[in-house]
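Novice: Dumping the structure here so I can ask a few things about it.
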Amino acid sequence: MAVRLEFLTQDPEEIELAKRYWAMDGEGAYIEKVSDLVPFRKLTQSSFVSSHVRQWCLAYDENQRCYLCSGAVSVTKRHEPRKAFQLSSRPCAACTESIKQDELRMRQAEEAELQCMLEKRSHEMYSRTISYESLPDDVCVLLVAIDMLLGPRLAKGTFKEAECDALAPYGSSCFFRRLREEHIILDSPRMARPGTYFLEDDELMIRRNQAEYFLVADEKCGRGDKAIRTIAEREFTDAKALFELWLDYAENDVVRYLFDQCDTYRLILEPEDLEKIRGAVRQGLHTYSVSQLWFVVWVVIKGAASYANHRFSNRTKAAATIPRKIRKQLEMAAQENGIGRSWNRPDGHLAGSLGKVFLNTFQIDEKADGRQVFQRFTLLNPSNMELESLESAAASFMRRALERQNSGTAMVNFAEAIRAGCDAWTALERGMFTDQR
């Protein structure tokens, strides 16, 4: 017999039936059919014989040897034993249990190491402080926008990155990533759910979509509403940083509209083409408004969609023409009289909380062109401006007044500001931005 039995029962009849079930001839063929083994007591169906036999004995195939210890391999059904000797592709029961125990010990050791690293990281994270007063203006604007989304949790609690998706119409992750990389927002191991952190090659890894984050405490005020107020109530003066933040925001606002139009006409942009478009859009935003560039995108996408239907074209070829056509439109605008039309913000295309901060704090939105936006920021700190910039501001003031056909109102606002004791910068600002909407 090639199958060795170890009995788990002392019942002679059960032992005898088990022997009959596994009995083989010299060729390794079973002597009796399973159907011939029933009825046995209350057992009447042959399909249940093997499950009963497993309760009465352990069976080991002497022709199969464990590749680890050379011990006999356990079998449970008749088709498993082999007629000739071979090494098993699976370990025996004893080795299987040993492997499980080794794996368990390894997991326990890794878990202990992980917990040790998480405790250390958590202590380091919550021990850090920063100076809210020293934060750059653009970072503070981002934090005000996040506070608008999260409410008290920014000051006192934790939050996930996905909860900040409404920060901008598109690309909110790039703003969040900046705050994280500059260690202004940190992850909180103690608040994360199990499985968020794991070890890979002895290095602590984070599943960012599951992580909980918090705003680092102020070195003076700690965490809380008072600390947040020092950010929200600060006086903004860094025109360059604010303008770069506006360009980041506005670029993504245009890209969101671009994707919407591409989806409408089933045009798929390659990553390298998107980068070219971003470059052209960002350059255009120095001069034009988001709403004007929406119009440019609309014109180009319509043309690309029409080209896709030509006999020797397709949607892939048509999409590849979009970067060049956008640059061409901007070149034509520079040679002529600018971009004559603009689009309103589409339904469902929200400005995001960052857009609300730009509007509420600086009175700029998708209708403000790049020159107006930069001028608005430079007016925040007139003491650092040269006379040339003052003349530029005056020229912008007059140009906008003529464009809006409210030169009389603008001059009245300017004159009233001067009579009230304001300097030229403040008077120009009031004349430029009062009653503009």
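The values are calculated or read from the model by the stated rules, or taken from the named source; none is laboratory data. Quick caveat: nothing in here was measured; it's all calculated off a predicted structure. All Cβ positions, glycine included, derive from the backbone under ideal geometry; neighbour counts span all protein chains shown. These accessible areas exclude ligands, DNA and RNA; they are computed on the full protein's heavy atoms, side chains included. Shrake-Rupley method; radii C 1.70, N 1.55, O 1.52, S 1.80 Å.
Novice: Calculated from the structure, volume of the Cα convex hull per residue in Å³ equals which of (1) 153; (2) 193; (3) 273?
Specialist: (3)
Novice: Just order 183-195, 199-211 by mean Cβ neighbour count inside 10 Å, highest at the front, would you?
Specialist: Numbers: 183-195: 15.8, 199-211: 11.9.
Highest-to-lowest ranking by the protection proxy: 183-195, 199-211.
Novice: Among the GluC sites (Glu not before Pro) within segment 220-282, which fall in a DSSP loop and have no more than 16 other Cβ atoms within 10 Å of their own Cβ?
Specialist: Here the sparse-neighbourhood loop sites are Glu233, Glu235.
Novice: Can you work out the Karplus-derived ³J(HN,Hα) for every residue in segment 196-207? Use 6.51 cos²θ - 1.76 cosθ + 1.60 with θ = phi - 60°, whole Hz, and x for glycine or proline.
Specialist: 5, 10, 8, 9, 9, 6, 6, 10, 6, 10, 10, 8
Novice: Quick one: if you stick a label point 7 Å off each Cα along the C-beta vector at Phe40 and His52, how many nm between them?
Specialist: For the pair Phe40/His52, the computed spacing is 0.6 nm.
Novice: Which of the aspartates and glutamates could be linked to Lys156 by a straight reach, that is with a Cα gap under 17 Å, when you skip same-chain ones fewer than 8 residues away?
Specialist: Cα-Cα hits under 17 Å: Asp147, Asp187, Glu212, Asp218, Glu219, Asp225.
Novice: Once neighbouring chains are kept in place and the probe is 1.4 Å, which whole percent of the accessible area of the chain is contributed by carbon and sulfur?
Specialist: 49
Novice: If I build a Gaussian network model for the chain, linking alpha-carbon pairs within less than 10 angstrom, which residue out of Gly284, Gly408, Gly224 has the largest mean-square fluctuation?
Specialist: Answer for the Gaussian network model of the chain: Gly408.
Novice: Please find, in a Gaussian network model of the chain (springs between Cα atoms separated by less than 10 Å), the residue of Asp369, Asp36, Asp61 whose mean-square fluctuation is greatest.
Specialist: Judging by the Gaussian network model, the answer is Asp36.
Novice: So what's the gap between the Cα centers of segment 1-51 and segment 259-287, to the nearest angstrom?
Specialist: Going from one Cα centre to the other spans 74 Å.
Novice: Convert each backbone phi in segment 232-244 into a coupling constant with the Karplus relation 6.51 cos²θ - 1.76 cosθ + 1.60 (shift: θ = phi - 60°), then list the ³J(HN,Hα) values in order as whole Hz, x for Gly and Pro.
Specialist: After applying 6.51 cos²θ - 1.76 cosθ + 1.60, I find 5, 9, 6, 9, 7, 9, 8, 4, 5, 5, 5, 5, 5 Hz.
Novice: Among the aspartates and glutamates, which have Cα under 19 Å from the Cα of Lys83 when same-chain residues fewer than 8 positions away are ignored?
Specialist: List returned: Asp25, Glu27, Glu32, Asp61, Glu62.
Novice: Okay, moving on. List, in the order given, every pair from Lys160/Lys276; Lys19/Lys42; Lys276/Lys302 whose Cα-Cα distance in the structure shown is over 28 Å.
Specialist: In this structure, Lys160/Lys276 exceed 28 Å between Cα atoms.
Novice: First measure r as the distance between the Cβ atoms of Glu97 and Asn309, then evaluate 1/(1 + (r/R0)^6) with R0 = 60 Å and state the FRET efficiency to the nearest 0.05.
Specialist: Efficiency for this residue pair is about 0.35.
Novice: Okay, next question. Compare Asp218, Asp248, Asp260 in a GNM of the chain, Cα atoms joined below 10 Å, and give the one with the largest fluctuation.
Specialist: Asp260
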